[in-house]
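Reviewing the structure listed below.
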Amino acid sequence: MKYKVEDLRKFAKALLLANGLEADKSMAVADILVEGDLLGHTTHGLGLLAPYLAELESGKMNKSGQPEILSDFPAAMTWDGKRLPGPWLVLRAMELAMERAKTQGTCTIVIKRSHHIACLAAYHQRATAQGLLIALHCSDANSCSVAPFGGLDPVFTPNPVSFGIPSSSLPIMVDVSTSATTNGMTNRLFNEKKMLPAAWVMDGQGHASNDPTVLFTEPKGTILPLGGMDSGHKGYGLSLMVEAMTGCLAGHGRADPLEGWGATVFLQIIDPQAFAGLKAFERQIDHVIERCKNSKPARHDEKVRLPGERGLQHQAQSELQGLQLYPSIMPALSSWAQKLKVDMPQAV
């Protein structure tokens, strides 16, 4: 079934408000979750709303308050997120970082003790629409499901890296894990008794597998780093980079006691005007885009696409025709709607 996008935003906000989250925070979370589904990231959109509501109810996600500023230089800041909603924290940090980047050339904000921040690509267009580059990465020291290359014991979470790059037309939007797949995808497929499309996990004996069950049976397996059994040293290196840019810069990470599901966030905004200028930047990136898209397709039935292009097409179509949600999302939210006395949205 499809739903009007604005109806889904109002529904998500109403559930969060009814569960005690402040209005500005409810709107921020609702906007980012719906944006995730619009871009096709079905494990990191409204599929997160039921778990977020449970975190609010248990007190593991704080409903009110402000982040604490731990350090403040003109182009670098560190915040304690106080376990407030991740989307609200990141959007606030973006507003400040974009403002400062326009005078400093760049601004970086690292946030420790944020709650989960949802789909990273959902933030990109707010920066690229202003001709700014955004780098947004995160880690979660609360859990580990990815082993270092050559090891069996997990150390990392999937540690996503993301970049939003402006151009004279559509932005380039990169949002990838430093592991072969994500916790959200393996959990979903395990619950649905389905297989992964490739050998993206490793069992407890070190054998590659496409069966997510190996992550939940003893001895427990792990998600493989990006590159898998063959070249996973690349994903391993990227995972270490994210750890350095998040937990290490924030001074709060895997060396500290567990606090619950959350995120340590690295956000950087770069203004091309402070370098060769936006027009020069666009001239170069437009040329690279043109060469990529004109590259002879390896498969005759599928042209070369840019990272994020399919998501942007899905967004545009969904805003016109309604947003198709993953089948498990609305059933998971119906019990919360009943409990919190919020009307379900009507399908179109």
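Taking L267, is it touching a residue at least 60 places away in the same chain (Cβ under 8 Å), touching a Phe, Trp or Tyr at 6+ places or on another chain (Cβ under 6 Å) and of a type in the set (A, V, I, L, M, F, W, C)?
Working: touching a residue at least 60 places away in the same chain (Cβ under 8 Å): yes; touching a Phe, Trp or Tyr at 6+ places or on another chain (Cβ under 6 Å): no; of a type in the set (A, V, I, L, M, F, W, C): yes.
No, not satisfied.
For every residue, the table says whether it meets (1) at pLDDT below 95; (2) hydroxyl-bearing (S, T, Y); (3) within 23 Å of the chain's Cα centre (by Cα).
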position: R283; (1), (2), (3): no, no, no
position: E290; (1), (2), (3): no, no, no
position: E302; (1), (2), (3): yes, no, no
position: L323; (1), (2), (3): no, no, yes
position: S335; (1), (2), (3): no, yes, no
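Please list, ordered by first then second residue, the pairs with beta carbon atoms under 8 Å, 6 or more apart or interchain, first in the range 58-69 and under 15 Å from T264 (Cα atoms), second polar (S, T, N, Q) and buried (at least 16 other Cβ atoms within 10 Å of the Cβ).
Qualifying pairs under 8 Å: I69/T78.
Tell me, please, whether a residue that is touching a Ser or Thr at 6+ places or on another chain (Cβ under 9 Å), surrounded by fewer than 22 Cβ atoms within 10 Å (Cβ to Cβ) and not aliphatic (A, V, I, L, M) can be found in the range 114-127. Break it down into steps so the answer makes sense when it comes.
As a first pass, look at the range 114-127 and keep what is touching a Ser or Thr at 6+ places or on another chain (Cβ under 9 Å): 114, 119-121, 123-124.
Restricting the remaining residues to those that are surrounded by fewer than 22 Cβ atoms within 10 Å (Cβ to Cβ) gives none.
There is no residue in the range 114-127 that is touching a Ser or Thr at 6+ places or on another chain (Cβ under 9 Å), surrounded by fewer than 22 Cβ atoms within 10 Å (Cβ to Cβ) and not aliphatic (A, V, I, L, M).
Looking only at the range 178-193, which residues are surrounded by 18 or more Cβ atoms within 10 Å (Cβ to Cβ) and of a type in the set (S, T, N, Q)?
Scanning the range 178-193 gives T178, S179, T181, T182, N183, T186.
Please pick out the residue among F266, F216 that is modelled with pLDDT of 95 or more, surrounded by 18 or more Cβ atoms within 10 Å (Cβ to Cβ) and under 25 Å from P51 (Cβ atoms).
Residue meeting the stated conditions: F266.
Take the range 121-141 and flag every residue that is free of Cβ contacts under 8 Å to residues at least 60 places away in the same chain and of a type in the set (A, V, I, L, M). So that I can check it myself, show each step before the final result.
Kept after step one, since they are free of Cβ contacts under 8 Å to residues at least 60 places away in the same chain, are these residues of the range 121-141: 125-126, 128-130.
A129 - this is the single residue of the range 121-141 that is free of Cβ contacts under 8 Å to residues at least 60 places away in the same chain and of a type in the set (A, V, I, L, M).
Would you check if G47 is assigned to a helix (DSSP H, G or I), under 17 Å from the mean Cα position of the chain (by Cα) and within 20 Å of R92 (Cα to Cα)?
Details: assigned to a helix (DSSP H, G or I): yes; under 17 Å from the mean Cα position of the chain (by Cα): yes; within 20 Å of R92 (Cα to Cα): no.
When the stated conditions are applied, G47 does not pass them.
Which ones in the range 221-255 are hydroxyl-bearing (S, T, Y) and closer than 25 Å to Q205 by Cβ?
Filtering the range 221-255 down to residues hydroxyl-bearing (S, T, Y) leaves 222, 231, 236, 239, 246.
Hits for the range 221-255 are T222, S231, Y236, S239.
Let me spell it out: the conditions are (1) touching a strand residue (DSSP E or B) at 6+ places or on another chain (Cβ under 7 Å); (2) surrounded by 18 or more Cβ atoms within 10 Å (Cβ to Cβ); (3) under 27 Å from K13 (Cβ atoms); (4) among the charged types (D, E, K, R), and R100 meets all of them except one. Which number is the exception?
(3)
Considering only residues that are acidic (D, E) and farther than 22 Å from L132 by Cβ, which ones fall in the range 66-101?
Step one: filter the range 66-101 for residues acidic (D, E), giving 68, 72, 80, 95, 99.
Passing the criteria: E68, D80.
Consider S26 carefully, then state whether it is surrounded by fewer than 18 Cβ atoms within 10 Å (Cβ to Cβ) and among the hydroxyl-bearing types (S, T, Y). Talk me through it step by step, then tell me what you get.
Working: surrounded by fewer than 18 Cβ atoms within 10 Å (Cβ to Cβ): no; among the hydroxyl-bearing types (S, T, Y): yes.
No; evaluated as a whole, the condition is false for this residue.
State all residues of the range 300-313 that are under 15 Å from P171 (Cβ atoms) and of a type outside the set (D, E, K, R); if no residue qualifies, say none. Before the answer, list the steps.
Step one: of the range 300-313, the residues under 15 Å from P171 (Cβ atoms) are 305-313.
L306, P307, G308, G311, L312, Q313, listed by residue number.
Restricting attention to the range 194-204, report how many residues are surrounded by 18 or more Cβ atoms within 10 Å (Cβ to Cβ) and either at pLDDT below 95 or over 26 Å from P51 (Cα atoms) (or both). First the steps, then the outcome.
Taking the range 194-204 as the starting set, the residues that turn out to be surrounded by 18 or more Cβ atoms within 10 Å (Cβ to Cβ) are 196, 200-203.
Filter once more, keeping what is either at pLDDT below 95 or over 26 Å from P51 (Cα atoms) (or both): 202-203.
Number satisfying all stated conditions: 2.
Tell me which of these K220 doesn't satisfy, since it passes every other one: (1) among the charged types (D, E, K, R); (2) more than 22 Å from V110 (Cα to Cα); (3) touching a Lys or Arg at 6+ places or on another chain (Cβ under 9 Å).
Only one criterion is unmet by K220, namely (3).
The values are calculated or read from the model by the stated rules, or taken from the named source; none is laboratory data. Small disclaimer: the values here were computed from a predicted structure and weren't measured. Please note: Cβ atoms are built from the backbone with ideal geometry, for glycine as well, and neighbour counts cover all protein chains shown.
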